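The structure appears below as structure tokens.
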Amino acid sequence: MKNILIIGVGSVGALMGAALIKAGLKITFAGKPNSSYTQTLKRQGLHLHYANGESLWISALHPQVRFVDTATDLKQKFDIIIIALKSNYLTEVISYIHAHSTPETILIHAQNGIPYWWFNCDRYVTSLSKNIFNDLNSSRHLNTVDPNGTLYQNLNQFRSIGCVVKAPCQRTPEGKIIVRKIPQLILGSTKKNANYQQQEIIKHLCNVFSQSGIKASYTDDIRIAVCNKLAINLTTNVFSALTGKVIAELTANSSINSLIKTVIAEMRHIFSCYGIPLADLPTEAKIYAYIKAPGSQSHLPSLAQDFAQHKLGEVSLITAPVEMAEIANLETPTLKSLSGLLQLAQTYSLNSKGKSHILTLDNDSGHCSLTEEVCESMIVKKHQMPNLLNQLLQVTPLAA
């Protein structure tokens, strides 16, 4: 574990890299080519500000650190590659991963949502119902996550570690990373039959992170951890991206709270059909305990940050669970309607120059409605949005 490459130097990549640098490891950060942020890192290094008041500056001249971009061929192989890009950018770095890895290289995947590797374990897939197994046996990918199975075909041969990140972070316009609460990582093999050596490597990594400011823990079932994080994403990221509101404003709205309860119920229904015991699935109490904790309430989630910057966001956070529900022949009307709204909101965000959200909240009445900008816009088919809103109102009595 001498040389580590981190692909993606946004909040998560910076946070994980900073902890490993504190531990004395040699780190190469690879950012996006032609990015002003990447150029700033090459000149000025990396600045992080933590919730406990600590500030950390990692100089571009640090002897154990190198800042490059993914257009740079490093002529080097790495022991560990941490992939900290958003899921919708993964296909762009497949060749870069292959160019800098060996058959022994370990990939650590730090993405939100259902990962491309979800069905990569025979032991897991054969435990599912006959209906789901038959649909997946010849095709181990979700089209909403991995169109055509490109990621699965090109990355499944690696030894892969799943990594769930709980760390409300935000990058300022100046490039500083603001960490709003103590970050947490959960790491585990993507395959249930991981050997002793791989388990020990993961546990060692957890110790390294924990000794360097990130609470990290090992799990024997990374899919359970993914589900619990996904529930947080579905109840915060999606609604924040649609409304442009921080979490505190969402949880103060009766309509949103009603929707959150329905989303949790539908999500539990889906993943109980995909082999996750109900006792291990997130409950309302656990989710609200996390999103109402200090540090979370003032946070604008990453999907809303992307929409606000008119960038592609991880809409697969919700489209993937909806696809999984369809494979299992499950009815999830709230998730399906929210998925449609979010995809329309992504279209609006990418094509508008002003505000990126499509819904406005009225905390007095508890209702959601289309923003004036959307109503005046020609960017999206507005007749679709009222239909989707009406469907949501029909399945959430408190919002009616």
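Observations on the model:
- In the full protein context, the chain carries 42 Å² of accessible surface per residue, based on a 1.4 Å probe and ignoring ligands, DNA and RNA.
- Within the chain, DSSP assigns beta bridges of which about 40% are antiparallel (rounded to the nearest 5).
- K181 long-range amide H proximity, modeled H, under 5 Å: A51
- Dipole of the chain, positive direction: furthest Cα of A225, V238, G53, with charges on the beta-carbon: G53
- Within the chain, the whole DSSP H helices whose Cα atoms reach 15 Å or more along their own axis and whose mean Kyte-Doolittle score is at least 0.0 are 11-22, 222-243, 254-272, 316-327, 333-351, 384-395.
- Spatially proximal aspartates and glutamates relative to K292 (Cα-Cα < 14 Å; intrachain offsets below 8 disregarded): E249, E284
- The packing ranking of peptides 150-158, 266-274, highest mean first, is 266-274, 150-158, where packing means the average number of other beta carbon atoms within 10 angstrom of each residue.
- Here the accessible area is traced with a 1.4 Å probe on the protein chains. For the range 132-288, carbon and sulfur cover 48 percent of it.
- C-alpha center-to-center spacing [the range 109-182, the range 43-88] in angstrom: 22 Å
- With eigenvalues of the C-alpha gyration tensor scaled by 5 and rooted, the chain, Å: 33, 26, 20
- Protection-proxy order for peptides 184-194, 312-322, each taking the mean of Cβ atoms within 10 Å per residue, highest first: 312-322, 184-194
- Diffusion constant of the range 1-140 at 20 °C, which comes from Stokes-Einstein with the Kirkwood Cα-pair radius and 1.002 mPa s, µm²/s: 129 µm²/s
- Proximal charge balance of N52 [Cβ under 13 Å; K/R count +1, D/E count -1]: +2
- Treating each Cα of the range 19-83 as an identical point scatterer and summing with the Debye formula, the log10 of I(q)/I(0) at q = 0.27, 0.29 Å⁻¹ comes to -1.35, -1.40.
- P(r) for the range 147-197, from all Cα pairs and a bin width of 10 Å, is 19, 29, 28, 22, 1 %, short bins first.
The values are calculated or read from the model by the stated rules, or taken from the named source; none is laboratory data. All values derive from a computational prediction rather than experimental measurement. Here Cβ is always computed from backbone atoms with ideal geometry, including for glycine, and neighbour counts include all displayed protein chains. The accessibility values were calculated without ligands, DNA or RNA, using every heavy atom of the protein model including side chains. Shrake-Rupley method; radii C 1.70, N 1.55, O 1.52, S 1.80 Å.
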